[in-house]
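A short write-up of the structure that comes next.
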Amino acid sequence: MQHPAMPEEPWLSERDSLLILHVPMQFRRRGGRKIILPPPNGNGREPRTAPVYKPLAVAVARAHRWEELLEQGRFRSINELADAVGVDRGYVGRLLNLTLLAPDLVEMILDGREPSGLSLRQLNKIMPLQWDEQRRVAASFSDGE
């Protein structure tokens with residue numbers, strides 16, 4: 001069954017006194033997860049931006065949220081936080097290490113511009129505490145090392 005061409009812009013319709021907002025999008029599977037692709041640009045082929053699939057960005061955001069909860073005293077310890085969110089204490093600790101990243105590296109990750117191949121495992125395994133050294137390590141991923 002062929003589907004009509006996907007419109008490029010959102011549109012409104014009305015049905016049974018309800019206003020319905022239609023947002024054109026496509027779904028794809030990547031890494032076992034569904035992602036949303038934005039509508040195509042004028043030529044109908046390429047998305048306007050890259051798909052939103054940034055597990056490292058989610059981890060950084062989660063780490064900062066958890067740090068905030070600990071600093072506010074909402075949880076007395078990493079163990080208590082881990083129990084509350086239903087994850088292993090070690091995972092919470094590894095994510096909290098992301099709060100020690102240099103601000104420009106955090107910005108790169110949140111913008112989806114982190115070096116190819118950089119993962120949470122690699123950040124926790126090899127990332128030094130000094131920001132200048134962190135930048136050097138991150139740059140080595142960009143160079144393909």
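Amide H to amide H, with H built 1.01 Å from N, Gln26 comes under 5 Å of Leu37, counting only residues 5 or more places away or on other chains. If you sort the three axes of the alpha carbon gyration tensor as a ≥ b ≥ c, you get a/c of 1.5 or more for region 67-145 and a/b above b/c, which makes it prolate. Arg136 to Ser116: FRET efficiency via 1/(1 + (r/R0)^6), r the Cβ-Cβ distance, R0 30 Å, to the nearest 0.05? Computed FRET efficiency for Arg136 and Ser116 comes out at 0.95.
Between Leu69 and Ala102, how high is the FRET efficiency from 1/(1 + (r/R0)^6) when r is the Cβ-Cβ distance and R₀ = 30 Å? Nearest 0.05.
0.85
If the chain linking Glu9 and Lys125 were pulled fully straight, counting 0.36 nm for each residue of separation and taking away their Cα-Cα distance, it would gain 37.3 nm. For region 55-142, averaging the sequence separation of C-alpha pairs within contact (under 8 Å, six or more residues apart) and dividing by the residue count gives a relative contact order of 31 percent.
Taken together, the values in this text are just the output of simple stated rules run on the coordinates, not laboratory data. This is a predicted model, so every value here is computed, not measured. With ideal geometry, Cβ positions are generated from the backbone for all residues, glycine too; neighbour counts draw on all protein chains shown.
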